[in-house]
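Okay, structure first, notes after.
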Amino acid sequence: MLSRIKDIAAKLSPRLIEIRRHIHSYPELSGQEYQTAAYVADILSSCGLYVQELVGKTGVVGELKGTGKDQRLLAIRADMDGLPIQERTALDFASHQPGIMHACGHDVHTTVALGTAMILSQVGEPLPGDIRFLFQPAEETAQGASWMIKDGVMKDVNAIFGAHVFPSIPGGSIGIRYGALTAAADDLELVIIGESGHGARPHEAIDAIWIASQVITTLQQAISRTQNPLRPVVLTIGQIQGGRAPNIIADRVRMLGTVRSLHPETSALLPEWIETIVRQICQTYGARYELNYRRGVPSVQNDLMLTQIMESAAQEAWGSDRVQILLEASLGAEDFSLYLDHAPGTMFRLGVGFADQPNYPLHHPQFQVDEQAIVAGVVTMAYAAYKYWLTC
Ligand code: NI
């Protein structure tokens, strides 16, 4: 089966590169993936899949039927949205849309899932069970997965696979991560309310700017002294506003931040932990506060058995030279985690780094991918899907 998958992938390679370049040329912003979705739906239909459009607003679902011998349903997920970035590469297939770019590799993810559908639909022998391909919108705004789930895409799903490009490992390599892959990412909005007064008479006022500085400093120090250092927490206040004039004590400071953590147990406790610190500081100095802690996406926790399937598929396909076991998670976020509330899953890192030219990070206007990654991703995904049915 592996050699058949590899043969088909090699023959399809020019077509897959064409598909990826087409998607790259016409990126669309989160929630507006109309052309991309139509393009995806056409290709899926031409492979004989049962296709549903406008799922999760602008998402697409394709079902590949198996023989029905195995009742389990496997899902394979890709994301389709671009970013509000002006592309600055010299590629001849660079973005035609001013100010929008596929700078996070979602063009590659979409192509890998399409290629997997193309291969598995022509491999000759139907699989024992069904595969549901999910092409979601709006991953960058962490909304698309929840839209898809609301529309029922995880109904009856027993396992889910995904992939994300990774410029830190060579093009065509596969990065496997056991356990946490990405972080939980929550939003924090905090308003400190003091009392205004003359800048020369601090004892008659409650200085919201100074209290805000105490809160920020204490939170950062408390992470290092009260959180388990082996269970990382990152809290970044990225925006702060307050005050009206140099000689008036500010009565109000508003700050916005992001909170990242890897371990679900840590993540569960963070809102209360933060609020306790804020409350105590505000009480000490007579200020009030409003704290709005919004849950974003949880951490992606790769399932052990499914990750073993993915690793062994990659090992057999490419040999150990091209498979890296990743020792570190990322504190970035991925809404793939929302699907994992409904079924176990695993996401691998698809190496897209160049050996002979500079590699720019994800979300950079000069980000590029080594296209060797496409066949590597497609073969790994298709073969792992095949191997899924061999395990119980
Ligand atoms: Ni991404």
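Computed from the coordinates by the stated procedures, all read-outs in this text should not be read as laboratory data. All figures in this text were calculated on a predicted structure; none of them were measured in a lab. Cβ atoms come from the backbone with ideal geometry, glycine included; neighbour counts cover every protein chain shown.
Contact annotation: residue pairs with Cβ atoms under 6 Å, 6 or more positions apart or on different chains, pairing a residue in segment 230-242 that is closer than 21 Å to residue 182 by Cβ with a partner that is among the aliphatic types (A, V, I, L, M), are 232/262; 233/223; 234/331; 235/219; 235/259. Selection of segment 198-235 for residues being outside any helix (DSSP H, G or I) and closer than 20 Å to residue 280 by Cα yields 205, 206, 207, 227, 235.
Pairing each residue of segment 314-338 that is free of Cβ contacts under 8 Å to residues at least 24 places away in the same chain with any residue that is in a helix (DSSP H, G or I) and within 14 Å of the ligand (Cβ to nearest atom), provided the two are 6+ apart or on different chains, yields no C-beta distance under 9 Å.
Rundown of residues vs (1) closer than 19 Å to residue 16 by Cβ; (2) within 11 Å of the ligand (Cβ to nearest atom), yes/no style:
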| position | (1), (2) |
| --- | --- |
| 102 | yes, yes |
| 106 | yes, yes |
| 109 | yes, yes |
| 114 | yes, no |
| 117 | yes, no |
| 124 | no, no |
| 128 | no, no |
| 133 | yes, no |
| 146 | no, no |
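The single residue among 155, 150 that is surrounded by fewer than 23 Cβ atoms within 10 Å (Cβ to Cβ) and either within 11 Å of the chain's Cα centre (by Cα) or within 15 Å of residue 336 (Cα to Cα) (or both) turns out to be 150. For residue 264, the conditions (1) closer than 30 Å to residue 146 by Cα; (2) free of Cβ contacts under 8 Å to residues at least 60 places away in the same chain are fulfilled apart from (2). Tell me, please, whether a residue that is out of contact with any His (no Cβ under 9 Å at 6 or more places or on another chain), away from the ligand (no atom under 15 Å from the Cβ) and farther than 15 Å from residue 105 by Cα can be found in segment 345-354. Within segment 345-354, one or more residues are out of contact with any His (no Cβ under 9 Å at 6 or more places or on another chain), away from the ligand (no atom under 15 Å from the Cβ) and farther than 15 Å from residue 105 by Cα.
Considering only residues of segment 171-181 that are out of contact with any Gly (no Cβ under 7 Å at 6 or more places or on another chain) and not aliphatic (A, V, I, L, M), which is surrounded by the fewest Cβ atoms within 10 Å (Cβ to Cβ)? Looking at the filtered set, the residue picked out is 179. For segment 158-170, check the following and say yes or no: at least one residue is surrounded by 16 or more Cβ atoms within 10 Å (Cβ to Cβ), farther than 30 Å from residue 309 by Cα and not small (Gly, Ala, Ser). Taking every residue of segment 158-170 in turn, none turns out to be surrounded by 16 or more Cβ atoms within 10 Å (Cβ to Cβ), farther than 30 Å from residue 309 by Cα and not small (Gly, Ala, Ser).
Are any residues in segment 312-338 within 16 Å of the ligand (Cβ to nearest atom) and in a loop (DSSP other than H, G, I, E, B), and if so, which ones? Explain how you work it out, then say what you get.
Start the filter on segment 312-338 by keeping residues that are within 16 Å of the ligand (Cβ to nearest atom), which leaves 329-338.
Passing the criteria: 329, 330, 331, 332, 333, 334, 335.
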